[in-house]
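Quick notes on the structure that follows.
Derivation of every value follows stated rules applied to the coordinates shown; laboratory data play no part. This is a predicted model, so every value here is computed, not measured. Backbone-built Cβ (ideal geometry, glycine too); neighbour counts: all protein chains shown.
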Amino acid sequence: MGELPDALYDTLVEAAGAYFTPAIADGRYVAWVAELDDRSGEIVAGAGLQLRELLPRPDVARERLVGGPQGLVVNVYTERAWRRRGVADGLMRELLRWCRGNGIESVVLHASGGGRPLYEKLGFTPTNEMRYDGSS
């Protein structure tokens, strides 16, 4: 969802490795990839899900409490040559199927302009989230 300044590349790779190694092992991060074919093993797209523990909260209809972790969809990316071919749609449907099967009732994401139509088609709706940048 943006360009990374060259000066931050190595720092990001190191920090990401420090996060992903334990998070994948303990299940706080789950990911899916789409391969071109079994022979080449070329990855053409991917999607990740960060599981974060939240306080118990009312569901959207305010009828019952929702428990368990919330899934934050991250790192959804499709190589340019494979965009608009249903690859991201398939990955997201599998991610959401996994969430349903694992009791993840709340799933959120931050959509790019290009990704918004896909997420809306899958049932995501805009919310009132705000962000604090820490400069005040």
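Each residue, SER135 and ARG93, gets one label point 7 Å from its Cα in the Cβ direction; the gap between the two is 4.3 nm.
Going from the fewest other Cβ atoms within 10 Å to the most, the residues PHE124, PHE20 appear in the order PHE20, PHE124. For the stretch 76-125 versus the stretch 34-71, the spacing of their alpha-carbon centroids is 9 Å.
Between TYR9 and ARG80, residue separation times 0.36 nm minus the direct Cα-Cα distance comes to 23.5 nm.
Each principal axis of the Cα cloud of the chain was evaluated for its coordinate range; sorted largest first, these ranges are 49, 38, 32 Å. Based on the Kirkwood approach, the hydrodynamic radius assigned to the stretch 60-135 is 14.3 Å, with every pair of different Cα atoms included. Estimated at 0.36 nm per residue, the fully extended path between TYR19 and ARG57 surpasses their Cα-Cα distance by 11.0 nm.
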